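Comments concern the structure below.
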Amino acid sequence: MKDIPRVLVTGEAKKVIAEIRAKNGKLMFHQSGGCCDGSSPMCYADGEFLVGSSDVWLGAIDGCDFYMAKDQFEFWKHTELTVDVSKGRGASFSLEIPLGLRFVTKSRVFSSE
């Protein structure tokens, strides 16, 4: 399980990341359990969200660091996450929202296979 990445990204989400990156430069993701979009992954320009000691780095997707709030990680620590994109506006400050899209997280439980 050590070599299995904790967070992946779909091809469609990569296209959206590339579009956002072209306008905003380097990006990062954070998934919290906040009030606005629940546990949706939020995309920010790098440095626009201050990562603290209560955040866990899960890896990088398409060159973007991906963090999760430590309390959320307790619920998700046995899963592999995949960031995808869907149509529809989320209620967050994430950079894809003006495109009429929203990032979503899908998960699968780690197994011995």
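Name every residue in segment 67-87 that is in contact with a Ser or Thr (Cβ under 9 Å, 6 or more places away or on another chain) and either of a type in the set (Asp, Glu) or assigned to a helix (DSSP H, G or I) (or both), in order of residue number.
Across segment 67-87, the qualifying residues are LYS70, ASP71, GLN72, PHE75, TRP76, GLU80, ASP84.
Please enumerate the residues belonging to segment 95-113 that are at pLDDT 90 or above and part of a loop (DSSP other than H, G, I, E, B).
LEU95, GLU96, GLY100
Would you mention how many residues in segment 81-109 are buried (at least 17 other Cβ atoms within 10 Å of the Cβ) and under 13 Å from THR10 (Cβ atoms)?
9
Residues are listed down the side, and each one gets a yes or a no for (1) closer than 21 Å to ARG6 by Cβ; (2) in a strand (DSSP E or B); (3) touching a strand residue (DSSP E or B) at 6+ places or on another chain (Cβ under 7 Å):
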| site | (1), (2), (3) |
| --- | --- |
| GLU19 | no, no, no |
| ALA22 | no, no, no |
| MET28 | yes, yes, yes |
| GLY33 | yes, no, yes |
| TYR44 | yes, yes, yes |
| PHE49 | yes, no, yes |
| GLY52 | yes, no, no |
| ALA60 | yes, yes, yes |
| ASP65 | yes, yes, yes |
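The values are calculated or read from the model by the stated rules, or taken from the named source; none is laboratory data. The model shown is predicted, which means the values in this text are computed figures rather than measured ones. Every residue, glycine as well, gets a Cβ built from its backbone with ideal geometry; the counts of neighbours run over all protein chains shown.
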